[in-house]
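The values are calculated or read from the model by the stated rules, or taken from the named source; none is laboratory data. These numbers come from a predicted model, not from an experiment. Cβ placement follows ideal geometry from the backbone for every residue including glycine, while neighbour counts extend to all protein chains displayed. Accessible surface areas use protein heavy atoms only, side chains included; no ligands, DNA or RNA. Shrake-Rupley method; radii C 1.70, N 1.55, O 1.52, S 1.80 Å.
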Amino acid sequence: MQPAEYLSRFSLPEQISDGSWCVYLVLCENGSLYCGISNRPEARFAAHAAGKGAKYMRIHKPVSMRLVYIGVSREQAVRTEPLIKKLKAEQKRQLWAALDDFQTA
């Protein structure tokens, strides 16, 4: 299954492009998933790991990050982030698992 097809299962937009921003999911030590946006995802993950930035990430330590969208405009990222945050926990876990498959393929 193509990523766009899988994203549509969760009523998320198909892959969008033309920018330098990304929408990401972070797996936390307690098994929760945190969604955010950044134009520098590696630096953002390092900040989360250092306990800087989002308050949630200071309490729930990050384990790993997977990118949901890459190369989107800031506006697209800002509009997409709440759609992912509104997903049920099980849907976020399914999305996380699907992203792993896409990144290793």
Of all trypsin sites (Lys or Arg not before Pro) in region 44-105, which ones are in loop regions per DSSP and have a Cβ with at most 14 other Cβ atoms within 10 Å? Lys52, Lys86, Lys88
For the full complex of protein chains and a 1.4 angstrom probe, list His48, His60 by accessible area with the highest value first. His60, His48
With a 1.4 Å probe and every protein chain left in place, work out the accessible area per residue of region 51-98 in Å², rounded to a whole number. 59
Hydropathy first: keep DSSP H helices in the chain averaging at least -1.0 on Kyte-Doolittle, then drop any whose Cα extent along the axis falls short of 20 Å, and list what survives. 89-104
Given points 7 Å out from each Cα along the Cα-Cβ axis, report the Ser64 to Gln94 separation in nanometres with one decimal. 2.1
Within the chain, what's the longest run with no GluC sites (Glu not before Pro) in a DSSP loop and at most 12 other beta-carbon atoms within 10 Å? Give the range, please. 30-105
For Tyr69, what residues show an amide H to amide H distance below 5 Å, using hydrogens built from the backbone and excluding near sequence neighbours? Val23
